[in-house]
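See below for the structure under consideration.
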Amino acid sequence: MPAFLKEIESFRGTGEKNELGQDLESFLEEYDTNKYENPSVTADMIVIQHPKEFCKVEQGLKVLMVKRRNHPSIGYWALPGGFVNIREDIDLAVKRELLEETGVDDIAIEQLYAWGEAWRDPRARIVTVAYLALIDEGREVKAGDDAADAAWFDIRLSKKEEVEEVNKQGRSRIKTLYELGLVNEERMVELGATIEVSYNKTGIMKEYQYQVLFCNKIAFDHPRFIVQALLHIEAAL
């Protein structure tokens, strides 16, 4: 098949042929993208609305959510996002999805994390790249595209329990339980989840892990996206 890119000079390396006698052009011509199963990529946006001045994440913040109108998780509330097109940069994809689903445009974003466990979605093997945006109060939203509704939800985050455990490798891990509540009084909707956050007590590499233990009407594994984003903001305050 032809090369995915028109410009390939920067990928020529030393210009030598490989063990099969192929130069770059012939290698790309014979390269079969169907030889290996490939995951799909989605991009999701965590948009946090905040007052002009804030010093904590437990209260006072809002998160933008959309109500799913199709399977999977039909009728549940999710973060805005969707699939990345084959020739689309991920940064542009998440902005496009945000605009299509909520009408929100022209905001600064930051890539936060890539979620890649194999069990995450029943449709296919999907890797999700999560983005974070912070915006001031007063931004209006309007559902569109495949979202049945779009709304701001008040965030309530509380730390419930923290314990220290020693794993099989002899490393001390700190495990913390967080209760996440999302409330939209206008729609009389309350969502919730319990998330366990664990990390290495010592060492530079903390190996953070986020696990959803309980979830009430929040789609997919999005509660842990939100908690990770809030803890990221808290660390920066």
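Here, each number is a calculation from the coordinates, and none is a lab measurement. Predicted model only: the values in this text are computed from it and were never measured. All Cβ positions, even for glycine, are placed from backbone atoms using ideal geometry, and neighbour counts span all protein chains on display.
Would you list TYR199, TYR36 from fewest to most Cβ contacts within 10 Å?
Values: TYR199 15, TYR36 6.
By the 10 Å Cβ count, ascending: TYR36, TYR199.
Using a simple charge model, +1 on the beta-carbon of Lys and Arg, -1 on the beta-carbon of Asp and Glu, nothing else, what dipole does the chain show about its Cα centre, in debye to the nearest 20? Can you show the working numbers first?
Numbers: 30 positive and 43 negative charges, 186 e Å.
With only Lys, Arg, Asp and Glu charged at Cβ, the dipole is about 900 debye.
What angle, in degrees between 0 and 90 and rounded to the nearest 10, separates the Cα long axis of helix 222-236 from the longest principal axis of the Cα atoms of the chain?
That works out to roughly 80 degrees.
Going by how many other Cβ atoms sit within 10 Å of their own, how do ASP149, ASP136 line up, fewest first? Write down the numbers at each step before the final one.
Working: ASP149 16, ASP136 9.
Ascending number of Cβ neighbours within 10 Å: ASP136, ASP149.
Loop only per DSSP, at most 13 neighbouring Cβ atoms within 10 Å: give me the GluC sites (Glu not before Pro) in the stretch 149-216, ordered by residue number.
Of the GluC sites (Glu not before Pro), the ones in loops of the stretch 149-216 whose Cβ has at most 13 other Cβ atoms within 10 Å are GLU185, GLU186, GLU207.
Once the piece of chain linking GLN111 and ILE174 is laid out straight, how much longer is it, given 0.36 nm per residue of separation minus the C-alpha distance between them? If you can, show how the numbers build up before the last one.
Details: separation 63, 0.36 × 63 = 22.68 nm, distance 2.55 nm.
So the extension gain works out to 20.1 nm.
Which one, SER198, GLN111, ALA3, is farthest towards the positive end of the dipole of the chain when Lys and Arg carry +1 and Asp and Glu -1 on their Cβ?
SER198
Report the label-to-label distance for MET205 and ASN85 in nanometres (one decimal), using points 7 Å from each Cα along the Cα→Cβ vector.
Between MET205 and ASN85, the simple spin-label model gives 3.8 nm.
Determine the distance separating the Cα centre of the stretch 162-216 from the Cα centre of the stretch 1-63; give it in Å without decimals.
29
What do you get for GluC sites (Glu not before Pro) in the stretch 1-41 restricted to DSSP loop and a cutoff of at most 12 other Cβ within 10 Å of the site's Cβ?
Values: sites: GLU7, GLU9, GLU16, GLU19, GLU25, GLU29, GLU30, GLU37; in loops: GLU7, GLU16, GLU19, GLU37.
For GluC sites (Glu not before Pro) across the stretch 1-41 that sit outside H, G, I, E and B with at most 12 neighbouring Cβ atoms in 10 Å, the list reads GLU7, GLU16, GLU19, GLU37.
Any of LYS52/LYS160; LYS62/LYS217; LYS62/LYS95 with alpha carbons more than 21 Å apart? Name them for me.
Working: LYS52/LYS160 28 Å; LYS62/LYS217 17 Å; LYS62/LYS95 19 Å.
Listed pairs above 21 Å: LYS52/LYS160.
Rounded, prolate or oblate: which fits the stretch 40-236 when a ≥ b ≥ c are the square roots of the eigenvalues of the alpha-carbon gyration tensor, with rounded for a/c under 1.5 and prolate only if a/b beats b/c?
Prolate.
So which aspartates and glutamates can LYS201 reach, going by Cα to Cα under 13 Å and dropping same-chain residues fewer than 8 places off?
Result set, ordered by chain and number: GLU162, GLU164, GLU165.
Which shape class, rounded, prolate or oblate, goes with the stretch 157-235 when its Cα gyration tensor gives a ≥ b ≥ c as root eigenvalues, a/c under 1.5 marks rounded, and past that a/b bigger than b/c marks prolate?
prolate
With an 8 Å cut-off on Cα pairs and a minimum separation of 6 or more residues, tell me the relative contact order of the chain in percent.
Working: 454 pairs, mean separation 43.1, N = 237.
In percent, rounded to a whole number, it is 18.
Between helix 90-102 and the chain, what is the angle of the helix's C-alpha long axis to the longest principal axis, kept within 0 to 90° and rounded to the nearest 10?
Computed tilt is about 40 degrees.
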